[in-house]
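Notes to accompany the following structure.
The values are calculated or read from the model by the stated rules, or taken from the named source; none is laboratory data. Just so we're clear, the structure is a prediction, and the values are computed from it rather than from any experiment. Note that each Cβ is placed from the backbone with ideal geometry, even for glycine, and that neighbours are counted across all protein chains shown.
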Amino acid sequence: MAGRENQRKGLTYKDAGVDIDKAARALGEMKDKILATHIPGVLHELGSFGGIFDLEKAGAGKGVLVASTDGVGTKVRVAQRMRVYDTVGRDLANHCVNDILVQGARPLFFLDYVAMGSLEPPVLQGLVEGLVLGCRDNGMALLGGETAEMPGLYQQGDFDLVGTIVGYVPGGKVITGEEIRPGDKVLALPSSGLHTNGYSLAQKVLFAVAGLRPEDRARGLEGTVGEALLAVHRSYLHAVFPLLEKFHVHGMAHITGGGIPDNLPRILPAGCKARIDAGAIPRPAIFDLILEIGGISMEEAYRVFNMGFGFLLVVPPGEEEALARDLRKRGEEVFPCGEIVEGEKGVDLSF
């Protein structure tokens, strides 16, 4: 009965136990304390996709490093249920690569952290095999990491997976979005599915409300529900990095937790607003399935999920067609999806 009532009113991320706004408020309250730790060399305040550090300003050599830490969240629950572990290892590596790519960085090395209730060698081996594949695909070293057994904190079979990446910006040409101006065009590269965000809500809808199992098939999906949920988070490194030498890319955004409304404004300067056509890119069928079953509003969906938008590029007018041709010649899909206009920093989404 409660499930049907939730379906009528439309499920939200809060219903699944995740409050994006509360997390943002908590971080805002800690901001001054975090900023007090900054030493010469820190180039950007909080809120960027990766932290930027200028070695020369810190008296530690030359060059600019970009670093980021992230995890794969409750996607590990799907991996656990399906007993497939290498895909989330690849997810983690690719997600972190994309986060520093936004600032023009090439990945150098990666560190992982695996926590378990008790060590299960097949699980650990699967996770590390995925990390190795992800690191090799992105040309970075798996430099080290930590495996922690914590019985009592994690239950038998539970695990968590987190990683830290460090990359280098060639020539110190950091991309921050400060060059973005009204009139710039926005192009989108498609996602391969949910990537690594929105899984608490997705699992509540598909498993708790609909009563589906990972091995079940559902309308619109090419494979099983579990296979659609475990689709590997794409890396955009090989698609995007060659563009940075050929075109004036003013800004980039990796569409992760918070969707387009929360991630694109992270790179917009004051006085710039983005207008985005939500229908500009094909939407993987898994999203339509989740929205239909959960009765989820479009506004909620585009803040929880990427909805098919994996990575955004903001380029000056006149360059978007040549940039798109370059991508397509290399076998990449790319979709013009919007523009930058004058206005208060934010995003106007048209559905």
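Quick notes on this one:
- Within region 135-165, being touching a helix residue (DSSP H, G or I) at 6+ places or on another chain (Cβ under 8 Å) and either among the aliphatic types (A, V, I, L, M) or without any contact (Cβ under 8 Å) to a residue 12 or more places away in the chain (or both) holds for MET140, ALA141, LEU142, LEU161, VAL162, ILE165.
- In the set (1) out of contact with any Phe, Trp or Tyr (no Cβ under 7 Å at 6 or more places or on another chain); (2) farther than 17 Å from SER350 by Cα, ARG303 fails one condition alone, (2).
- Given (1) outside any helix (DSSP H, G or I); (2) charged (D, E, K, R); (3) surrounded by fewer than 20 Cβ atoms within 10 Å (Cβ to Cβ), number of the condition ARG234 does not satisfy: (3)
- Exactly one residue out of ALA274, ALA239 is part of a helix (DSSP H, G or I) and in contact (Cβ under 8 Å) with a residue 60 or more places away in the chain, and it is ALA239.
- PRO121 meets each of the listed conditions (1) modelled with pLDDT of 95 or more; (2) over 21 Å from the mean Cα position of the chain (by Cα) apart from (1).
- Per the listing VAL132, VAL78, VAL18, the residue uniquely at pLDDT 95 or above, crowded, with 18+ Cβ neighbours inside 10 Å, on the phi < 0 side of the Ramachandran plot and of a type in the set (Val, Ile, Thr) is VAL78.
- All of (1) outside any strand (DSSP E or B); (2) buried (at least 17 other Cβ atoms within 10 Å of the Cβ) hold for VAL114 with one exception: (1).
- Residues of region 61-98 satisfying the condition of being free of Cβ contacts under 8 Å to residues at least 60 places away in the same chain and farther than 25 Å from ILE175 by Cβ: ARG83, TYR85, ASP86
- Filtered residues of region 167-211 (kept if in a loop (DSSP other than H, G, I, E, B) and charged (D, E, K, R)): LYS173, GLU178, GLU179, ARG181, ASP184
- Scanning region 320-351 for residues that are buried (at least 19 other Cβ atoms within 10 Å of the Cβ) and either in contact with a Cys (Cβ under 7 Å, 6 or more places away or on another chain) or acidic (Asp, Glu) (or both) yields a count of 2.
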